[in-house]
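Peer 1: Quick one: structure below, then a few questions.
The values are calculated or read from the model by the stated rules, or taken from the named source; none is laboratory data. Since the structure is predicted, the reported quantities are computational estimates derived from the model, not experimental observations. Here the Cβ positions follow ideal geometry from the backbone for every residue, glycine too, while neighbour counts run over all protein chains shown. SASA here: full protein model, heavy atoms, side chains in, ligands and nucleic acids out. Shrake-Rupley method; radii C 1.70, N 1.55, O 1.52, S 1.80 Å.
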Amino acid sequence: MRSMVAVFTFTRSDNDILQELLRVFSSGRCTAREQWSMQAELLVEPVGWDALWKLSKDFCKKFEVRYPCVAYITVMSVNFEDLSANVDVLRVQHEAVSLPESIVSVPLIELWPTIKQREQCVNAASTAEFIDLMRFFYDNIWMPWDDQDDKVLLPNTIEDRMNLWMELHNGTIPNYIARSITLLRTSAINAHQKLQELDSSLCEGDFADDDDSLLPPNYISLCAELNARLDGLMSKWTLYENPLIREQYLVKTMKKYQRNKSKKNVIALWQGGDIAEFKNITKFLETRVTYDHTLTITMSAEEALSLEPNEVVVCSKQYEIPEISLSQITLCSIGGATLKASDMRSCLLMLSDVCQIQDMTLHCSSVNTVIVMLSGTLQVKNCMLLDDSSNFQSDFAQGIVAMSGAKVILEDCTFENFYSGIVIHKGAQMELRNCLIKKCGVGIQMYSGAQVKLDGVIVEECTEQCIRCEMENGIVKTEMDGLEMINCKIGSGDLQKEIYVTQDVNM
């Protein structure tokens, strides 16, 4: 993996961000995109600046590379109307990944100007500062309906949304409600993207404007469904965006939550089926749910996770789950369900606090990492983690990543076909009992300061190393502190060959 150059970063207070956004939208006479375009012409260098390009999911899909992907580029020209740039690719972070030399219409918000520029005459700092503000707007404030019907985005709307964003992040809005609001915005953006994809497919097909009979099958009904969904989401969003309505709605929601707070919240995810399947589900739930629990059965994974569940029971064979951070949750299934990502993203599950996962297959399709444990304790039992993707140029997929402060206990689990099966960072703990790791590039990747205990573990068929131990720069050792093994089979059994101790110069 190549190291990348440093980029400009900015630290602003919430009020500073609000005031800068209000300056951009001060005229109140244009659409959001038109306002940004006018400002970009004043502040963004038109040509010749270097940047890191963090490819969007759409570009990763187009070039068939695993998300996330980073490239070092130079800007050849800027389209201020579209807020995009034509770029030449200088190098890619992963050496084995290849991209076209020249790429058109890269959104400016995907670019991070570098501090060091090859052309000394460009003003990269002001360009970076403007793009950073615009990126914040599109990542946190913008809503899909802002671009509909030449809508003028007024300063008071910016202020209302910025205040909502601040309340979501300063703890004013409780986590269980904040999660619902975040999912609501994500759902609206996803519906908008699907509408854009439908329109793009229509343009590519070169259909006559006046002949509906030539439209793709179900095109009209799909558009109607997505527009209706977007309208419904917009109405619900109003409950949160308007500060007066939000205050009353939050009081009502919090009262309802407090009434059920004393009971454990169990959600059953089921896509529907026949009466025999329902009886089996009922029988299983009776073994897990008592009068001290509340039970909800729903088809929607988004709705299930927005209800702040203590436990989610997946009752169908396969489910796609949305991108959301989870904490203090148990995930299990009836008969070993498979969880996949609903769309391309960095990880399938991002967890913290105390979590448990049991009797599941966790699939790495469309993601770079199956589980990221940020902090706290995670127990995983009788699970299969695998990656059978074949359409990416070069895989750097990871099974489980334990960050500093995390403790992960794995029991009776299998990891198959990852670049790195398990990654344990400095300050993290990992314990594996009766687990199998096979067909990976590196079975277990651990860093200096990590604690790893292997009991009855088999690591086999790894193309690089079964276990790789990376020491901090300046520390020279041939053995890895923090690694304990009991009754394990590591590759050929020759531990001097199968356990590789190296020095990480980038730590």
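Peer 1: I'd like the FRET efficiency for K489 and N310, computed as 1/(1 + (r/R0)^6) with the beta carbon distance as r and R0 of 41 Å, rounded to 0.05.
Peer 2: E between K489 and N310, to the nearest 0.05, is 0.60.
Peer 1: If you don't mind, another one. For the range 259-345, taking Cα atoms only, what is the radius of gyration to one decimal and the Dmax to the nearest whole Å?
Peer 2: 12.9, 39
Peer 1: Can you pull the percent of Cα pairs in the range 1-151 with separation above 28 Å?
Peer 2: When every Cα pair of the range 1-151 is considered, 21 percent fall beyond 28 Å.
Peer 1: Where in the range 67-89 does the label zone of E119 land, with the point 7 angstrom along Cα→C-beta and an amide N cut-off under 18 Å?
Peer 2: Once the point is set 7 Å along Cα→Cβ of E119, 72-81, 83-89 turn out to lie under 18 Å by backbone N, inside the range 67-89.
Peer 1: Determine the percent antiparallel among the DSSP beta bridges restricted to the chain, to the nearest 5.
Peer 2: Of those bridges, close to 20 percent are antiparallel.
Peer 1: Let me ask another. Sketch the reach of a paramagnetic label on H169 as a point 7 Å from Cα along Cα-to-Cβ, and name the residues of the range 92-125 whose backbone nitrogen lies under 20 Å away.
Peer 2: Residues 109-113 qualify, since their backbone N sits under 20 Å from the label point.
Peer 1: Go through the range 45-61 residue by residue and turn each phi into a ³J(HN,Hα) via Karplus (6.51, -1.76, 1.60, θ = phi - 60°); whole Hz please, and just put x for glycine and proline.
Peer 2: Values, residue by residue: 4, x, 6, x, 9, 9, 7, 8, 10, 8, 4, 5, 4, 5, 5, 4, 5 Hz.
Peer 1: Can you tell me the convex hull volume per residue for the chain, based on C-alpha atoms, in Å³ to the nearest whole number?
Peer 2: Enclosed volume per residue, from the Cα hull, is 181 Å³.
Peer 1: Right, something else. If you average the sequence gap of Cα pairs under 8 Å that are 6 or more apart and divide by the length of the range 334-451, what percent do you get for the contact order? Before the final figure, lay out each step's value.
Peer 2: Details: 348 pairs, mean separation 23.8, N = 118.
Relative contact order of the range 334-451: 20 percent.
Peer 1: Follow-up question, since we're still on this one. Over all distinct Cα pairs, what is the inverse of the mean 1/r for the range 377-460, reported as the Kirkwood hydrodynamic radius in Å? Could you put the intermediate results ahead of the total?
Peer 2: Values: mean 1/r = 0.0785 Å⁻¹.
By the Kirkwood definition, the hydrodynamic radius is 12.7 Å.
Peer 1: Follow-up. Averaged over every viewing direction, what's the projected area of the C-alpha convex hull for the range 328-415? Give it in nm², one decimal, please.
Peer 2: Computed as one quarter of the Cα hull surface, the answer is 5.6 nm².
Peer 1: Enumerate the amide H contacts of I297 below 5 Å, restricted to partners 5 or more residues apart or on another chain; note that Pro and chain-start residues carry no placed amide H.
Peer 2: A268
Peer 1: What's the extension gain from K283 to N15 if we count 0.36 nm per residue and subtract their Cα-Cα distance?
Peer 2: Answer, rounded to one decimal: 91.1 nm.
Peer 1: Per residue, how large is the accessible surface of the chain? Use a 1.4 angstrom probe and give square angstrom.
Peer 2: 50 Å²
Peer 1: Can I ask one more? Straight distance only, please: which aspartates and glutamates reach the Cα of K453 with their own Cα at less than 18 Å, same-chain residues fewer than 8 apart left out?
Peer 2: E411, D412, E431, E470, E479, D481, E484, E498
Peer 1: Still on this model: At q = 0.12, 0.18 Å⁻¹, what log₁₀ I(q)/I(0) does a Debye calculation on the Cα points of the range 119-200 give, no solvent, two decimals?
Peer 2: Summing over Cα pairs of the range 119-200 leads to -0.50, -0.93.
Peer 1: Step through the table entries K62/K426; K194/K236; K194/K255; K381/K407; K151/K236, compare each Cα-Cα distance with 26 Å, and write down the pairs that go over it.
Peer 2: The answer is K62/K426; K194/K255.
Peer 1: Same structure again: Given a 1.4 angstrom probe, I'd like the percentage of the accessible area of the chain that is carbon and sulfur, rounded to a whole number.
Peer 2: 48 percent
Peer 1: Just to be sure I understand the model, the point goes 7 Å from the Cα along the line to the Cβ. What's the resulting K497 to K151 distance in nm?
Peer 2: For K497 paired with K151, the spin-label model returns 6.4 nm.
Peer 1: Spelling out what I want: for every residue of the range 317-330, take phi, set θ = phi - 60°, compute 6.51 cos²θ - 1.76 cosθ + 1.60 (Karplus), and round to whole Hz; glycine and proline get x.
Peer 2: Along the range 317-330, the couplings run 5, 8, 9, 9, 10, x, 7, 7, 6, 10, 8, 6, 9, 10 Hz.
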